[in-house]
Amino acid sequence: MTTTPSTPGAPITERRQLVEYLESGSKPPAAWRVGTEHEKFVFRRADLRRVPYEGPDGIAAVLREMTRFGWKPVVENGNTIALTNDARCSITLEPGGQFELSGAPLETVHQTCDEVHEHLRQVREVCDELGLGMLGLGFDPKWRREDIPFMPKQRYRIMRDYMPKKGRLGLDMMLRTCTVQTNHDYQSEADMVKKFRVGLALQPVAVALFANSPFVEGQPSGFLSYRSLIWTDTDPDRCGTLPFVFEPGFGFERYVDYMLDVPMYFVYRDGRYIDASGQSFREFMAGKLPALTNDVPRISDWADHLTTAFPEVRLKTFIEMRGADGGPWRRLCALPAFWTGILYDSTALDAAYDLVKDWTAEEREAMRSNVPRLGLATPLRSRTLRDIALEVLEISREGLHRRARRNTAGEDETHFIDPLFAIAGSGRTPAEELLEDCQTRWGGRIDPVFTDYAY
């Protein structure tokens, strides 16, 4: 989730400017990059509680200590709310203090994995000193919503007040979920369309392979990815599988039309967030925002608004793959590798498209509905998602092999998806391993997850 406002740009006077903004993301293949974002829960080792912003071992203290590694503070109302560095990375805070690395756009999965490892080394050093830990799961396994303090960020106050008006679980999304996502480029509108359709259709495969959130408040929830379930009851105006993406004629203009009617959260002006919740960007362009009369939107407003829709795949000036639960370090590298192999090799992309192109809207929606509970056992026609995952993993591996991006040891990127082959081969999601650990090694207790699955 983007947490710092975009820099102001040109005033928006016509819809065409919004389309051109998305078009500006088009890049030749030589300029394509891989970006990885991942979130972690921060907890006190002494009592396993999520930490507040304030205090000697709070989130603010973690951010302050991280500056020893060259990170620079981003301050709002006197509070450090993010960090940036010269490598085009940032560290940001989700509403409940989830600690997110928004990685730089990098040429290879080797580089993005090195970035992840260095980030985890830094946070371990700081957390060891402060008596804290960071946990890689998709949903907080122990604490209730009311146990988790909100971070002091203006935009989150607006979202906190608006979320309960639209769904039962929006505040849980804000406070109790963690994800890993990967960002990829497109060459043209046609390339974007194919990647968007493949990404949406195959997102349930990613949900199943990365399902890692079976516990709620210390008990099995009955779901393998409770984080994925959360999104089905957060806000129907801005979440979902976007069936229109598969309709004839889909392109940048159709996505703009969708976003024009997604209700806004806020407008950023002069260092403050103005509540515009429930009003549309279309109304903003027409000068009809009661909260901001005699003003016109800027390109920065459009860029910010694009971050406030939460479909399974999201379009900005790149494409975001958003279905995976947070998890251990080895899977943080597996997700960008999985999607890079599919999206950045034309033969692989064609093969993936051929696989999904005749799936119906009803079939895609049924998979999305069933996968949080059933994981790899989710049915599709005469097959299961396990069967499809194995096929898609082979497509990805061949794509990575043809990319032939090697590290200094001469290895290509294919080994990064080995953990996913192990999951699909066994037919057991990570969540099912967690449930077994709870029943056997942990003696029915949930607390050992904070040591066994900490970074």
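The values are calculated or read from the model by the stated rules, or taken from the named source; none is laboratory data. Note that this is a predicted model, so its numbers are computed, not measured. Cβ sites come from the backbone with ideal geometry, for glycine too, and all protein chains shown count toward neighbours.
What to note about this one:
- Where Arg155 falls short, out of the listed (1) of a type outside the set (A, V, I, L, M, F, W, C); (2) crowded, with 19+ Cβ neighbours inside 10 Å; (3) farther than 25 Å from Arg272 by Cα: (3)
- Thr360 being β-branched (Val, Ile, Thr), over 20 Å from the mean Cα position of the chain (by Cα) and more than 26 Å from Ile230 (Cα to Cα): no
- Filtering Pro220, Pro164, Pro214 for residues that are surrounded by fewer than 24 Cβ atoms within 10 Å (Cβ to Cβ), farther than 16 Å from Glu312 by Cβ and either in contact (Cβ under 8 Å) with a residue 12 or more places away in the chain or hydroxyl-bearing (Ser, Thr, Tyr) (or both) leaves a single hit, Pro220.
- Just one of the listed residues (Leu420, Leu343, Leu434, Leu390) is in contact with a helix residue (DSSP H, G or I) (Cβ under 6 Å, 6 or more places away or on another chain), over 22 Å from Val34 (Cβ atoms) and of a type in the set (A, V, I, L, M, F, W, C), and it is Leu390.
- In the range 44-69, the qualifying residues are those that are hydrophobic (A, V, I, L, M, F, W, C) and assigned to a helix (DSSP H, G or I), and the one that is surrounded by the fewest Cβ atoms within 10 Å (Cβ to Cβ) is Phe69.
- Residue pairs meeting the criteria (Cβ under 7 Å; at least 6 apart or on separate chains; first aromatic (Phe, Trp, Tyr), in the range 171-188; second in a strand (DSSP E or B)): Tyr186/Ser26; Tyr186/Ile319
- Test: residue in the range 4-24 that is touching a Leu at 6+ places or on another chain (Cβ under 8 Å), more than 24 Å from Arg272 (Cα to Cα) and not in a loop (DSSP other than H, G, I, E, B): yes
- Listed by first and then second residue, the pairs with beta-carbon distance under 9 Å, at least 6 apart or on different chains, first residue in the range 245-260 and free of Cβ contacts under 8 Å to residues at least 40 places away in the same chain, second assigned to a loop (DSSP other than H, G, I, E, B) and acidic (Asp, Glu), are Arg254/Glu247.
- Unmet requirement for Gly271, which otherwise passes all of (1) more than 26 Å from Glu23 (Cβ to Cβ); (2) surrounded by fewer than 22 Cβ atoms within 10 Å (Cβ to Cβ); (3) touching a Phe, Trp or Tyr at 6+ places or on another chain (Cβ under 6 Å): (3)
- Condition met for Arg88 (in a helix (DSSP H, G or I) and not hydrophobic (A, V, I, L, M, F, W, C)): no
- Exclusive hit being among the hydroxyl-bearing types (Ser, Thr, Tyr) and either free of Cβ contacts under 8 Å to residues at least 60 places away in the same chain or over 27 Å from Val267 (Cβ atoms) (or both), set Thr92, Thr67, Thr13: Thr67
- Residues that are in a loop (DSSP other than H, G, I, E, B) and without any contact (Cβ under 8 Å) to a residue 60 or more places away in the chain, drawn from the range 445-455: Arg445, Pro448
- Against the test of being at pLDDT 95 or above, under 24 Å from Asp354 (Cβ atoms) and acidic (Asp, Glu), the options Glu394, Glu411, Glu433 yield a single qualifying residue, Glu394.
- Scan of the range 116-156 for residues that are within 17 Å of the chain's Cα centre (by Cα) and closer than 29 Å to Asp185 by Cβ, ordered by number: Val116, Gly136, Gly138
- Filter pass, Pro95 being surrounded by fewer than 20 Cβ atoms within 10 Å (Cβ to Cβ), in a loop (DSSP other than H, G, I, E, B) and not acidic (Asp, Glu): no
- Qualifying residue in the range 82-101 (condition: under 20 Å from the mean Cα position of the chain (by Cα), over 30 Å from Val449 (Cβ atoms) and among the hydroxyl-bearing types (Ser, Thr, Tyr)): yes
- Matching option when the condition is farther than 30 Å from Arg406 by Cα, within 19 Å of the chain's Cα centre (by Cα), modelled with pLDDT of 95 or more and small (Gly, Ala, Ser), among Ala309, Ala334, Ala324: Ala309
- Per-region count, the range 103-140, residues part of a helix (DSSP H, G or I) and either among the polar types (S, T, N, Q) or touching a residue at least 60 places away in the same chain (Cβ under 8 Å) (or both): 16
- Residue check, Asp304 part of a helix (DSSP H, G or I), more than 23 Å from Thr232 (Cβ to Cβ) and not small (Gly, Ala, Ser): yes
- So Thr308, is it in contact (Cβ under 8 Å) with a residue 60 or more places away in the chain and polar (S, T, N, Q): yes
- Under the condition of being buried (at least 22 other Cβ atoms within 10 Å of the Cβ) and either among the aromatic types (Phe, Trp, Tyr) or outside any helix (DSSP H, G or I) (or both), the residues counted in the range 167-183 number 7.
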